[in-house]
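Have a look at this one.
The values are calculated or read from the model by the stated rules, or taken from the named source; none is laboratory data. What you are looking at is a predicted structure, and each value in this text was computed from that prediction instead of being measured. Methodologically, a virtual Cβ is constructed for each residue, glycine included, from the backbone with ideal geometry; neighbour enumeration extends over all protein chains shown. All accessible areas refer to the heavy atoms of the entire protein, side chains included, with ligands and DNA or RNA removed. Shrake-Rupley method; radii C 1.70, N 1.55, O 1.52, S 1.80 Å.
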Amino acid sequence: MNDAAERKLALSHLWVAFIAFILACFMGEYQVLERSGLISALDSPSVYFASVSTHGVLMAFVLTTFFIMGFGYYIAATSLKQPVWNKPLAWGAFWLALFGVVLAAIPLLTGKASVLYTFYPPIVAHAAFYIGATLLVVGSWVWCVIMLVMFVQWKKAKPGQPVPLAMFATAMNALLWLWTSAGVALEVLFQLIPLSLGWIDTVDPGLARTLFAWTLHPIVYFWLIPAYTAFYVFVPKQAGGFLFSDEMARLAFIVLAVFALPIGFHHLYMDPEQAKGWKLLHGIGTFVVALPTLVTGFTVIASLEIAGRLRGGKGLFGWIGSLPWTNTMVLAVILSLLMLIFGGFGGIVNASYAMNAMIHNTAWVPGHFHLIFAGTTVIMYFAIAYYLWPMLVKKPLFSESMALVQLWTWFIGMSILTTPWHVLGLLGQPRRISSVVYNNLLTLSWKPYELMMILGGLILLGSACLFIYNLAKTQLSPASEAFDRQIEFAEPIHAVESLPEWLNDFKPWNKVIAVLMAISFGYPILQFFFMNTSGSSAWGF
Amino acid sequence: MQIEPLKQKYAQLLRDFYAQLRAIHIDQLERKWITISLIVIGLFVGIITIDALFHGVNPPSKVETVDSASLHLNKEFAEDNLGVQVDDKGNVTVRMVAGRYSFFPKHITVPAETTLTFRWVSMDVLHGVHIPMTNMSTMIVPGYVAEITTTFPKPGEYPMLCNEYCGLGHNHMWSNISVIAKENWTAPAKSSVKGGSNNE
Ligand code: HEM
Ligand SMILES: [Cu+2]
Ligand SMILES: [Cu+2]
């Protein structure tokens, strides 16, 4: 198959993602420097909050969305062995989303949208910010449609055959994202855009927070699923072994997508506008969604063990040493799992209904999500990029050893950044502050940790630069005619010949999600229309 | 509407699903792992549920509305009523207003080892309040009263910090609260607490 058009499509998306990433990394380092108070000339709340808002939006919305779209297009084309459906539409979505990003960037960078990436009303930003963000999301919806159409077309052409696991995961992610983004879309379309344009006078912040919580939890699984996809479909092969279980992988993706959605209220544990019964219900669901991650951890480690033993590793732990540590994909998955173990522990604290009160909105929270999102998830984005780049540009990677150094330094930098961040949270430091002006002895204990974070950020910034440099060098190096690498998907130990329909299609799960969402969000949203509420008018920042 | 055929249809659906689930190839070791995972998850869920239902361990969740735009007209949160008050039965209630960039009243003194009911409202945007090292933590959402009941075990001077971004002055939004030994504390006379003007 001549996939030049697909490769160009994927590359364009991935470059937008990584340019957003590197710009945001510079802002991240500025932020740790500013808030430490080390250089008093830097002190400026207006610059700080413009920066954090931009950094958050670039990392959480732009890097992720564009990466997932580009990755999805290439996975669909290669795993289904068919061209991307309706490429003009795909390009239209790309340009629409990019236009949206630029439109949102203008108020962000000029300090007219310092509302952070969560943009909680009644603080209101310039309307261009919300409209730009909406266009980005609309672009991603087009991607979802293309993924689902390709899935359905393939199944029609090959009745009864198992859809390749990589595509199954991608389609589940598209379904997940359609449901996930609906909450914030309702908030933005019916509350924030009308309020920012002055079409309505007030909004109910309680309703807004409820709708945002609908999105806020499953969105992290939208970001995480490409990493899990790589765990299942690339890692075992790269390690020299087999996938432990194809069916369990499918089940994990299903439970992930279905149970990520109805549990968003763990972000509202401390909120007055929802009653405790609903919070408890969502709290229980939050623990259920830990199951697919536990299963994934098991499957990945088991697949690695098979590989290690096939390579001659012996004894209880001997197989670890005989893994190909110099393979970027294998190294990344090991570091990723390490960060997942620590991050998962922190996550249990957050999820625990009562313990959460100690760390809610403290520095612990950004510490936690940098570890698990910027660490566990993004390190797999790097590994995927290193793996796909030579296929996308038809040239060997500029430097494998530089890539290994980059992965190690990302891990080390992330450990040095996030450990003190967690401690600061336990010492009571609130998140989202640009400097420490509290007149209290407690704050004296914060200083050394803030200084350590500067070092961690610096290592991360260096690592990020290495990453971009390596990719750019690879693409710009002279073409070599002979080079032709094909993507390789891992084989399961037990090949699957046939599957029950519910392991091979997303449609039954769509219905299950609809029922669960109606149960867990129906009344909590409707209550705002029955209660005697008084809205809030718009405030600046 | 015919209930019986529908019931049969769904029962059949579930039976098929279960049979197919059983037919999936799952390795012995993996079966064990899943069982252990389920037990651990069940344990966590069980503890939380029992604590919530029987020990009343719940986050602030009183769905009570208020008009944040007209707090000055509101009897309960008029300026004279803010701060610490003790009712006839001896219950201690602390009424506080959050507004950019301060908590009102600016300073309060409360007894240790005493059940305190805090009632927080916002007069403008979203805020959060946390007293580090304690579980006095709640979001303050405009339009709602955030009520939280807690006890401070140890006397001392505690900072009270806004922990939700509320504008460019967010990190200036703080004050201190004095927790003093129960014996030394005397209930303030009604309406004696007024909004002060200095920070300590
Ligand atoms: C060079 C490495 C990085 C450094 C030094 C850094 C540092 C920071 C700092 C200091 C904040 C502000 C937190 C606060 O005010 O409470 C922040 C916010 C944030 N960071 Fe990073 N970061 C880095 C990389 C990343 C990456 C790779 C991601 C995700 C892919 C990420 C995602 C976020 C998000 C979503 C926020 C917004 C948080 C909020 O609004 O509360 N960061 N970062
Ligand atoms: Cu969440
Ligand atoms: Cu604040």
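Pairs A:Lys279/B:Lys32; A:Lys155/B:Lys9; A:Lys511/B:Lys7: which exceed 24 Å Cα-Cα?
A:Lys279/B:Lys32; A:Lys155/B:Lys9
Related question: Enter the accessible area of B:Ser68 (Å², nearest 10), with the probe set to 1.4 Å and all protein chains included.
Accessible area of B:Ser68: about 10 Å².
Can you say what percent of the DSSP beta bridges in chain B, counting only those with both residues inside, are antiparallel? Round to 5.
70 percent
Normalised by the empirical 2.2 N^0.38 Å for globular proteins, what value does the Cα Rg of the range A:418-499 take?
That works out to 2.04 for the range A:418-499.
Beyond a 18 Å Cα-Cα separation, which of these cross-linked pairs lie in this structure: A:Lys87/A:Lys158; A:Lys394/A:Lys473; A:Lys81/A:Lys158; A:Lys237/A:Lys394; A:Lys8/A:Lys81; A:Lys156/A:Lys507?
A:Lys87/A:Lys158; A:Lys237/A:Lys394
Semi-axes, largest first, in whole Å: what does sqrt of 5 times each Cα gyration tensor eigenvalue give for the range A:198-335?
41, 15, 12
Show me, bin by bin at 10 Å from 0, the whole-percent P(r) of the range B:1-138 based on Cα pairs.
Cα pair-distance distribution for the range B:1-138, in percent: 8, 23, 20, 14, 11, 16, 7, 0.
Taking each pair of different alpha-carbon atoms in the range B:126-194 once, compute 1/r for the pair, average those values, and report the inverse of that mean as the Kirkwood hydrodynamic radius in Å to one decimal.
Across the range B:126-194, the inverse of the average 1/r is 13.9 Å.
Straight-line reach from B:Lys106: which lysines fall under 23 Å, measuring Cα to Cα and dropping same-chain residues less than 8 apart?
Of all the lysines, those that pass the test against B:Lys106 - Cα under 23 Å, at least 8 places apart if same chain - are B:Lys75, B:Lys154, B:Lys182, B:Lys190, B:Lys194.
Ignoring any ligand, DNA or RNA, what whole percent of the accessible area of the range A:144-248 comes from carbon and sulfur when the probe is 1.4 angstrom?
68 percent
Would you compute, from DSSP H runs of 4+ residues alone, the mean residue ellipticity of chain A at 222 nm, taking -39500 (n - 2.57) per run and dividing by the full residue count, rounded to the nearest 500?
Using -39500 (n - 2.57) per qualifying helix, the result is -22500 deg cm²/dmol.
Now, a different point. Quote the convex hull volume per residue of the range B:68-189, based on C-alpha atoms, as a whole number of Å³.
In the range B:68-189, the Cα hull volume divided by residue count equals 96 Å³.
While we're looking at this one, here's another question. Where Lys and Arg each count +1 and Asp and Glu each count -1, what net charge lies around A:Gly318 among other residues with Cβ under 15 Å from its Cβ?
Residues close to A:Gly318 contribute a combined charge of +2.
Can you tell me the Rg and Dmax of the range A:439-541, counting just the alpha carbons, in angstroms?
For the range A:439-541, the Cα radius of gyration and maximum Cα-Cα distance read 27.7, 72 Å.
Can you tell me the 0 to 90 degree angle between the C-alpha axis of helix A:276-288 and the longest principal axis of chain A, rounded to 10?
So the helix axis and the longest Cα principal axis differ by about 20 degrees.
Sticking with this structure for a sec: Considering protein heavy atoms only and a 1.4 Å probe radius, which residues within the range A:517-536 exhibit an accessible-area decrease of no less than 20 Å² in the full assembly relative to the chain by itself?
Buried-area filter returns A:Met531, A:Asn532, A:Ser534, A:Ser536.
Ordering A:Lys155, A:Lys511 by how much accessible area each has at a 1.4 Å probe, largest first, what is the list?
A:Lys511, A:Lys155
In addition: Rounded to a whole number of µm²/s, how large is the Stokes-Einstein D of the range B:32-95 at 4 °C and 1.567 mPa s, given Rh as the Kirkwood radius over C-alpha pairs?
In µm²/s, the coefficient rounds to 81.
List, largest first, the extents of the alpha carbons of the range A:154-240 along their principal axes, each in whole Å.
60, 33, 18
Then there's this: Beyond 40 Å, what share of the Cα-Cα pairs of the protein assembly as shown is found? Please give it as a whole percent.
Within the protein assembly as shown, distances greater than 40 Å cover 34 percent of Cα pairs.
Please give the per residue accessible area of the range B:68-189, computed with a probe of 1.4 Å over protein heavy atoms only, in Å².
Per residue, the range B:68-189 has 36 Å² of solvent-accessible surface.
Could you tell me what % of all Cα pairs in the range A:365-471 have separations over 18 Å?
Here the tail beyond 18 Å accounts for 54 percent of pairs.
Compute the angle between helix A:447-476 and the longest alpha-carbon principal axis of chain A, please, reported from 0 to 90 degrees and rounded to the nearest 10.
The angle comes out at about 40 degrees.
Could I ask something else about it? As I understand it, the value is the acute angle between the Cα axis of helix A:400-426 and the longest principal axis of the Cα atoms of chain A; what does it come to in degrees, rounded to 10?
It works out to around 30 degrees.
Which residues of the range B:126-147 end up with at least 40 Å² less accessible area in the presence of all protein chains than when their chain stands alone, using a 1.4 Å probe?
Buried-area filter returns B:Leu126, B:His130, B:Met133, B:Ser137, B:Met139, B:Val141, B:Pro142, B:Tyr144.
Just the number, please: buried accessible area between A and B, total of both chains, 1.4 angstrom probe, nearest 100 square angstrom.
For chain A against chain B, roughly 5900 Å² becomes buried.
Sticking with this structure for a sec: Tell me, how many Å apart are the Cα centres for the range A:8-49 and for the range A:303-335?
Cα centroid to Cα centroid, the span is 36 Å.
Any chance you could list P(r) for the range A:90-227, counting all Cα-Cα pairs in 5 angstrom bins from zero, rounded to whole %?
For the range A:90-227, the pair-distance distribution reads 2, 10, 16, 19, 18, 14, 9, 5, 4, 2, 1, 0.
Counting only heavy atoms of protein chains, what accessible area per residue, in Å², does the range B:3-54 have with a probe of 1.4 Å?
Each residue of the range B:3-54 exposes 78 Å² on average to a 1.4 Å probe.
Next up: Kindly sort B:Arg100, A:Arg250 by accessible area of their heavy atoms, largest first, with the probe set to 1.4 Å.
Solvent-accessible surface, decreasing: B:Arg100, A:Arg250.
Would you mind pulling out the separation of the Cα centroids of the range A:422-465 and the range A:229-299, in Å?
A separation of 30 Å, based on Cα centres.
Moving to a separate point now. At R0 = 41 Å, how high is the FRET efficiency between A:Ala5 and A:Cys465 if r is their beta carbon distance? Nearest 0.05 is fine.
The formula returns an efficiency of 0.85 here.
Just to check, using Stokes-Einstein with a Kirkwood Rh over alpha carbon pairs, what's the diffusion coefficient of the range B:3-54 at 20 °C and 1.002 mPa s in µm²/s?
153 µm²/s
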